[in-house]
Amino acid sequence: MEIKEGLIKLRKQLERKSKKVRVITLDDKVDEFIDWYSENMVKGRYADTAEYHFPIDMRNFIEKMAVWYELRYPDYEIYKMMFGSIQGPIDINEVMFANNQYTKDVLDEDSDIKGLDWAEFYNTKAFINSLPRSEREVFSRPEYPRIAYWSLIRHLHLTHDGFVKIDEYMDVIPGIDNENLEGKHIKEVVSMLKEKGIKFPENNEFEKVIKDYDNQIYQKDEMLNCVMYRIIERGANRIGARRAFLFAKEFGRNIDIPMAYGVDTADSCLKLFMDEYIKAGGSEDLVCYIGYGSRAHKYEELPTMTIQELIMLENNNAANFYTPEDNSNSSKNQKKIKMVK
């Protein structure tokens, strides 16, 4: 009885302490990326028709990839994977293989295909390989051009990673006589030239190829982030956040995002989700929105709580509720609050 009363008191204290903040919506983050993509990767490089359609194509591809992940991990499979032995009337492996009329018609009853795993079957490599070339290219490894010109004659031969293989006539530039540029990264070359106060020609490519390479990296990175954002938005608090958590782990995204946007205090499985997040390297000091997926309007102010506060709020038997991860984390002293940007 004392434990229960203590938990109730703690809940009231933390709820009073909780601060409401204006939501940073994930759809706005997608819009910001599309605007950046249009300005930095499209504008001025293509005809007017392409400049109009390419940002639309990028948005559509982000949506296509989010839908692929939903098809790969349907709602009922997310529950089973994240929460153990929860059983439902549908099993995706049976739907796609064992009970698929096509496989029944073309394969023997004892065929091994009926024991395949759908998520592994519709894997990332298979998805990418099934895309048209224009969409596959967004996954290509960014590369520097083979040659970057300082002027009409002076130039550098570069590796794909931007290191100088050969420098042609660069040693006649005042201030770098007898300077050996081979083996240096082009970023290092640019920094060296600036330190020496050398004026850059108006149309030199050195800084341009660096910016283009960095933009390629950012485009791929932020595109994947936007896929994660759309997965969360399409699936709301519970399913969307957990599906996005799987996506984040597979594609090297920030696992803080699905956790921060995936808290529903009425969710009986929230504690299990938080445990998975902590075990994956998450922080107990992460600040989460409460009820992002069930807000009344787009920019509604929502209460926020840290993971540690949410763990303490969970109304369970304190004798067996806390996991080893909780006990380890709770022994730490106060730390800086971690906000998702």
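Of the residues screened, I56 is not one that is surrounded by 15 or more Cβ atoms within 10 Å (Cβ to Cβ) and either outside any loop (DSSP other than H, G, I, E, B) or at pLDDT 90 or above (or both). Residues in the stretch 123-135 that are open to solvent by less than 60 Å² (accessible area, probe 1.4 Å) and not small (G, A, S): N123, T124, F127, I128, L131, E135. For residues that are assigned to a strand (DSSP E or B) and not aliphatic (A, V, I, L, M), scanning just the stretch 134-156, find the one that is farthest from E207 (Cα to Cα). Among those that are assigned to a strand (DSSP E or B) and not aliphatic (A, V, I, L, M), it is H155. When the stretch 157-193 is filtered for residues that are at pLDDT below 90 and assigned to a loop (DSSP other than H, G, I, E, B), the ones remaining, listed by number, are Y169, I173, P174, G175, I176, D177, N178, E179, N180, L181, E182. Among the residues of the stretch 108-119, is there at least one that is among the aromatic types (F, W, Y), within 30 Å of K64 (Cβ to Cβ), open to solvent by 90 Å² or more (accessible area, probe 1.4 Å) and assigned to a helix (DSSP H, G or I)? No: the stretch 108-119 contains no residue that is among the aromatic types (F, W, Y), within 30 Å of K64 (Cβ to Cβ), open to solvent by 90 Å² or more (accessible area, probe 1.4 Å) and assigned to a helix (DSSP H, G or I). For the criterion of being open to solvent by 60 Å² or more (accessible area, probe 1.4 Å) and in contact with a Gly (Cβ under 7 Å, 6 or more places away or on another chain), R243 fails. If a residue must be touching a strand residue (DSSP E or B) at 6+ places or on another chain (Cβ under 6 Å), among the aliphatic types (A, V, I, L, M) and open to solvent by less than 20 Å² (accessible area, probe 1.4 Å), how many such residues does the stretch 159-185 contain? Final tally of qualifying residues: 2.
The values are calculated or read from the model by the stated rules, or taken from the named source; none is laboratory data. Given the structure is predicted, the values throughout are model-derived calculations rather than measurements. Reconstructed Cβ throughout: ideal geometry from the backbone, glycine too, with neighbour counts over all protein chains shown. Surface areas here come from the heavy atoms of the whole protein model, side chains and all, with no ligands, DNA or RNA. Shrake-Rupley method; radii C 1.70, N 1.55, O 1.52, S 1.80 Å.
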